[in-house]
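Engineer: One structure, as structure tokens, below. Some questions next.
Read-outs throughout are calculated quantities, based only on the coordinates presented, and are distinct from any laboratory measurement. None of the values given here were measured: they were computed from a predicted structure. Neighbour counts are summed over all protein chains in view; Cβ atoms, including those assigned to glycine, are modelled from backbone coordinates with ideal geometry.
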Amino acid sequence: METRISGWRIALGAVVTVILAFLLLPSLITAVISFGSSNQIVFPPTGFSLNLFRRFFAEEGWVASTWLSFRVAIWSTLLALFLGIPAAYALTRGSFPGRKILALFLLSPVMVPHVAVALALYIYFTEIRLTNGELRLVFAHAIATLPFVVVTASAGLRHIDPALERAATVMGASRLTVLRRVTLPLLTPSIIASGLFAFLISFDEVVISWFVARAGDTTLPIKMFSSIQFEVSPVLAAISTMLTALSIVVCVIVATVQKEARSD
Amino acid sequence: MQIRTTNAHVRDAAYAMPAALFMALLFALPLFSVLHQSLQQENGGGLTIQAYAKIFTTPLFLRVAYTTLEVSISATVFSLLLAYPIAYFLAKQSPRRRALYMILVLVPFWTSSLVKSFSFMVLLGQSGIINQMLGAFGIAPVKMLFNRFGVMVGMSHFLIPFFVFPILTSLRSQPLELAKAAAIMGAGKLRIFLRVTLPLSLPGVMAGALLVFILSLGFYIIPALLGGRQDMMFANLVDFYTREALNWPMASAVAVLLVAAAALAAMLLSKVRGGSSILSEEGH
């Protein structure tokens, strides 16, 4: 009996290790390559250097695209938060007819393939003659990130005990005061989490941007996409490492913020 | 009283109005204009189903439709086989360790698909790392990129985390007593798994499979970067008609069919036990 249990455990452990290696090794190997001293893609690297990172910062095109992506991510995140947090409040705290349908509508961009949204906005922006490239990207990204904000904020609101809000109301606080002094402070971890997720989604978004962006507005993912297609530049290894690091940082911050919120 | 409730309704709903308005103007309306565009004649004029009629007689479309279905189904099966052991393993851990191991699934989940594709090009390429290693043993290079194999590897890698979450939820909702009762009655680990744990987790598997299938239908980056010309999927075809053929009605018709297929699968998903919770908890 004892041996059978450990046999099962060892087999499971081995299988899980292999699958986790498949999930994690590709990015890890790319990260190792990015610190290599050669100007080509070599593994294992022959020495340590920051050459590829230096090349990234030295090339104007890469830096400009990164800035564009950064600006678009900031503005679309702010827009998604501005729209999504009140919507989540209405969906979780309010009671009105059509609430379920409204929830489904606000979450539907997740279920619609991105390429359809991309084509839709490409045609629509042309029709309404929206020519400001950055604004096109901000609107498009806000649509892609809004569902994530609504879901994360709704989950956060469901964890806040309505009794706290009721107590404040009983003691004479107006609805807006309750919202400002009780609900929003308690919701801060969820707001931070949803904002970071929205930022990351926007910063990495390719398909919609590829359709919606105008010729001059090359976001970092668009530039990466065409660079991977036409010449596999080793600089991409350095960019990949930085993007992976960004994802890890966001995951860790979100995990920490939400853990603290739960232990309060 | 009646008036007060109506006022309360309006006030509650008002908070969601900006988002609803934004989505109506920049999501619903644009999608509607795709539908409208798909019913346009190529050289102007009234509404017509010309594009659809044409599409179903175009060999290119039929081939791409077949590829999309084939790739989506196999990617769903492959990622299920790889996701299930991870979900099972995670379900067995203490909450503390589970949170730790979960990071190993969440990091790839949040990694850009471009980073993944680039990494796989470095690994699987003709002179990539794997072929270099094979070469050291005197084995001739194997073609793993720009073909179906590359697409499968890339898509499974992308989809595994999406599959792990619903399976894990369904595994964790099982009462621990069930497996214990089976063990007391003399069932071995494998038997418990096959007769108790696995059947009870099937709703999670179903929900995950539908979600992953919906995602697969719309893949663009991975077939474009890791696949060959023959691995073109629906999304790549939309791109082709939009950018190269400059045929908006055809591009729109393909997009409408793609959305219809995804909507159909999403409707099934909402019918599956545990599926409706996925629809509302996607962000976790």
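Engineer: Along the charge dipole of chain A, which of A:ALA142, A:PRO162, A:SER65 sits closest to the positive end, that is, farthest toward it, with unit charges on the beta carbon of Lys, Arg, Asp and Glu (+1, +1, -1, -1)?
Structural biologist: My answer, from the dipole projection, is A:PRO162.
Engineer: Assign unit charges at the C-beta atoms only (+1 for Lys and Arg, -1 for Asp and Glu), then state the dipole size of the protein assembly as shown relative to its Cα centre in Debye, rounded to the nearest 20.
Structural biologist: Roughly 1480 debye, rounded to the nearest 20.
Engineer: At a Förster distance of 25 Å, what's the computed FRET efficiency of B:GLU70 paired with B:ALA263, Cβ-Cβ distance as r, to 0.05?
Structural biologist: FRET efficiency, B:GLU70 to B:ALA263: 0.75.
Engineer: Continuing with this model, one more query. What residues qualify as long-range amide H neighbours of A:GLY36, i.e. H under 5 Å apart, gap of 5 or more or another chain, H built at 1.01 Å from N?
Structural biologist: Distant-sequence amide H within range of A:GLY36: A:SER49.
Engineer: While we're on this one: Quick one: angle between helix A:114-127 and the longest Cα principal axis of chain A, in degrees between 0 and 90, rounded to 10, please.
Structural biologist: Between helix and principal axis, roughly 80 degrees.
Engineer: Let me ask you something else. Can you list residues whose amide H is under 5 Å from B:GLN40's amide H, if they're 5+ apart or on another chain and H is modeled 1.01 Å from N?
Structural biologist: Distant-sequence amide H within range of B:GLN40: B:THR48.
Engineer: Let me ask something else. Once you have a ≥ b ≥ c as the square roots of the Cα gyration tensor eigenvalues for region B:55-280, tell me rounded if a/c is under 1.5, and otherwise prolate or oblate according to whether a/b is larger than b/c.
Structural biologist: On the way: a/c = 2.45, a/b = 1.43, b/c = 1.71.
Note, shape of region B:55-280 comes out oblate.
Engineer: What residue among B:GLY228, B:GLY204, B:GLY150 has the largest mean-square fluctuation in a Gaussian network model of chain B, using Cα springs under 10 Å?
Structural biologist: In the Gaussian network model the winner is B:GLY228.
Engineer: For chain A, set up a Gaussian network in which alpha carbons nearer than 10 Å are linked by springs, and say which option among A:ILE228, A:ILE128, A:ILE85 fluctuates the most.
Structural biologist: A:ILE128
Engineer: How many nm is it between the label spots at B:LEU190 and B:THR58, if each spot is 7 Å from the Cα in line with the beta carbon?
Structural biologist: That separation, rounded to one decimal, is 5.2 nm.
Engineer: What residue among B:THR111, B:LEU226, B:PRO141 has its Cα farthest toward the positive end of the dipole of region B:55-280, where the charges are +1 on Lys, Arg and -1 on Asp, Glu, each on the Cβ?
Structural biologist: With unit charges placed on the Cβ atoms, the residue in question is B:THR111.
Engineer: Ok, one more. Could you work out the mean count of beta carbons from other protein chains within 10 Å of each residue's beta carbon in B:29-39?
Structural biologist: Mean partner-chain Cβ count within 10 Å for B:29-39: 5.
Engineer: Right, something else. Using a basic spin-label model with each label point 7 Å from the Cα along Cα→Cβ, how many nm lie between A:LEU24 and B:GLU177?
Structural biologist: Each label point lies 7 Å from its Cα, and together they span 3.7 nm.
Engineer: Residue by residue through region B:68-85, what is 3J(HN,Hα) from phi via Karplus (6.51 cos²θ - 1.76 cosθ + 1.60, θ = phi - 60°)? Round to whole Hz and write x for glycine and proline.
Structural biologist: Using θ = phi - 60°, the values come out as 4, 5, 4, 5, 5, 5, 5, 5, 5, 5, 4, 5, 4, 4, 8, 7, 4, x Hz.
Engineer: Other chains near A:191-204: what is the mean number of their Cβ atoms within 10 Å of each residue's Cβ?
Structural biologist: Whole-number average of other-chain Cβ neighbours for A:191-204 is 1.
Engineer: Cross-link partners among aspartates and glutamates for B:LYS54, C-alpha distance below 15 Å, same-chain residues fewer than 8 apart left out?
Structural biologist: The qualifying aspartates and glutamates are B:GLU42.
Engineer: Can you give the calculated 222 nm mean residue ellipticity of chain A, where each DSSP H run of n ≥ 4 adds -39,500 (n - 2.57) and the sum is split over every residue, rounded to the nearest 500 deg cm²/dmol?
Structural biologist: After summing the helix terms and dividing by the residues of chain A, the value is -26000 deg cm²/dmol.
Engineer: With +1 on each Lys and Arg Cβ and -1 on each Asp and Glu Cβ, and nothing else charged, work out how big the dipole of chain A is about its Cα centre, in Debye to the nearest 20.
Structural biologist: 740
Engineer: Rounded, prolate or oblate: which fits the protein assembly as shown when a ≥ b ≥ c are the square roots of the eigenvalues of the alpha-carbon gyration tensor, with rounded for a/c under 1.5 and prolate only if a/b beats b/c?
Structural biologist: rounded
Engineer: Find the Cα radius of gyration of region A:29-104, compare it with 2.2 N^0.38 Å by division, and give the number to two decimals.
Structural biologist: Cα Rg divided by the expected 2.2 N^0.38 Å: 1.99.
Engineer: List, in order, the whole-Hz ³J(HN,Hα) value for each residue of region A:38-44 obtained from phi through the Karplus relation with A = 6.51, B = -1.76, C = 1.60 and θ = phi - 60°; use x for Gly and Pro.
Structural biologist: 7, 8, 10, 7, 10, 9, x
Engineer: Right, here's the next one. Can you give the FRET efficiency to the nearest 0.05 for A:LEU78 and A:LEU176, using r as the Cβ-Cβ distance and R₀ = 22 Å? Spell out each step's value before the answer.
Structural biologist: On the way: r = 21 Å, r/R0 = 0.97.
E between A:LEU78 and A:LEU176, to the nearest 0.05, is 0.55.
Engineer: Please identify, among B:LEU269, B:LEU176, B:LEU257, the residue showing maximal mean-square fluctuation in a Gaussian network model of chain B using a 10 angstrom Cα cutoff.
Structural biologist: The residue with the greatest mean-square fluctuation here is B:LEU176.
Engineer: Provide the FRET efficiency to the nearest 0.05 for the A:ARG9-B:LEU202 pair, computing r from the beta carbons and using R0 = 25 Å.
Structural biologist: 0.55
Engineer: Working only with C-alpha atoms, what are the Rg and Dmax values of region A:1-152, expressed in angstrom?
Structural biologist: 23.6, 73
Engineer: Which value, in debye to the nearest 20, describes the size of the charge dipole of region B:55-280 about its Cα centre when Lys and Arg Cβ atoms bear +1, Asp and Glu Cβ atoms bear -1, and nothing else is charged?
Structural biologist: With only Lys, Arg, Asp and Glu charged at Cβ, the dipole is about 860 debye.
Engineer: Using only the alpha-carbon atoms, how far is helix A:184-204 inclined from the longest principal axis of chain A? Give it as 0 to 90 degrees, nearest 10.
Structural biologist: 30
Engineer: Looking at region A:50-263, I'd like the Rg to Rh ratio, where Rg is from alpha-carbon atoms and Rh is Kirkwood's inverse mean 1/r. Walk me through the numbers on the way to the answer.
Structural biologist: Values: Rg = 19.9 Å, Rh = 19.0 Å.
Here the Rg-to-Rh quotient is 1.04.
Engineer: For helix A:2-34, what angle does its Cα long axis make with the longest principal axis of chain A, in degrees from 0 to 90 and rounded to 10?
Structural biologist: 70
Engineer: Here is the link list: B:LYS92/B:LYS116; B:LYS92/B:LYS271; A:LYS259/B:LYS116; A:LYS100/A:LYS259; A:LYS100/B:LYS116. Which ones come out longer than 32 Å on Cα distance? Working shown, then result.
Structural biologist: On the way: B:LYS92/B:LYS116 29 Å; B:LYS92/B:LYS271 28 Å; A:LYS259/B:LYS116 29 Å; A:LYS100/A:LYS259 29 Å; A:LYS100/B:LYS116 36 Å.
A:LYS100/B:LYS116, as the Cα separations exceed 32 Å there.
Engineer: A follow-up question, please. To the nearest whole number, what is the average tally of beta carbon atoms from other chains within 10 Å of the beta carbons of peptide A:17-29? List each step's numbers first, then the result.
Structural biologist: Numbers: counts 1, 2, 11, 8, 0, 6, 14, 5, 2, 16, 8, 1, 4.
The shielding value for this peptide is 6.
Engineer: For n ≥ 4 DSSP H runs only, could you compute -39500 (n - 2.57) per run for chain B, divide by its residues and tell me the 222 nm figure to the nearest 500?
Structural biologist: After summing the helix terms and dividing by residue count, I get -23000 deg cm²/dmol.
Engineer: For the charge dipole of region A:129-264, defined by +1 on Lys and Arg C-beta atoms and -1 on Asp and Glu C-beta atoms about the Cα centroid, which residue among A:PHE230, A:GLN258, A:ILE248 has the Cα displaced farthest towards the positive pole?
Structural biologist: The one lying farthest along the dipole's positive direction is A:GLN258.
Engineer: Quick one: give the max-minus-min coordinate of the C-alpha atoms of region A:202-245 along each principal axis, largest first, in Å.
Structural biologist: 26, 23, 15
Engineer: Which of rounded, prolate, oblate describes region A:160-238, given a ≥ b ≥ c as roots of the alpha-carbon gyration tensor eigenvalues and a/c under 1.5 marking rounded, otherwise prolate only if a/b is larger than b/c? Don't jump to the answer; show the numbers that get you there.
Structural biologist: Details: a/c = 6.09, a/b = 3.61, b/c = 1.68.
It comes out prolate by the Cα gyration axes.
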